[in-house]
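Since the structure comes first, as structure tokens, the remarks are kept for the end.
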Amino acid sequence: MQEKEPRFHGEVTAKSHKNMSKIKGSNTKIEIALRKALWNKGYRYRKNYKALPGRPDIALTKYKIAIFCDSEFFHGKDWDILKPRLEKGKNPDYWVKKIERNKQRDIEKDQALQYLGWTVIHFWGKDILKNPEECVRVIEEVIFEQKIETIEMEEEI
């Protein structure tokens, strides 16, 4: 008779626990790729800025832009497709609950940052790795829009 694997943290197997413990929370490949692209364009930023809710992966403090580099799996990209697949897989209760909570937490931290006057941008990891320059272009569009709004506000005064 085969012995069952011991479980940790509720419903996570020892093997899953070991694999998940290797997942980095900061300085991931996707964060580094976007930071390098921003740095090469002359933008300076704060990494994992603890002074803000949710500790944005990249914070452009000069422009009050908080940037999050999200992995597709843990942040539930294409949730309508991913959720049914998880429900058929191993440990569905754990994974569905975990990712739904991550998605809810993302909404909460975005709202907290917006309340503080920050613009929040999320990029999917594969989009960053495929084309970091396009991500920088999106950020630059936000900066440009902010500058236009500032000019318009000054003209009203």
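The values are calculated or read from the model by the stated rules, or taken from the named source; none is laboratory data. Values in this document were obtained by computation on a predicted structure and should not be read as measured data. FYI the Cβ positions are ideal-geometry reconstructions off the backbone, even for glycines, and counts take in every protein chain you see.
Can you tell me which residue among K47, K98, K62 is of a type outside the set (D, E) and modelled with pLDDT under 95?
Testing whether each residue is of a type outside the set (D, E) and modelled with pLDDT under 95 leaves just K98.
Return the total of residues in region 127-136 being under 11 Å from L38 (Cβ atoms) and free of Cβ contacts under 8 Å to residues at least 24 places away in the same chain.
The total comes to 0.
Looking at G89, G117, G42, G125, which one is among the small types (G, A, S) and at pLDDT below 95?
G89
Just the residues that are of a type in the set (S, T, Y) and over 10 Å from the mean Cα position of the chain (by Cα), please, taken from region 52-88.
T61, Y63 - these are the residues of region 52-88 that are of a type in the set (S, T, Y) and over 10 Å from the mean Cα position of the chain (by Cα).
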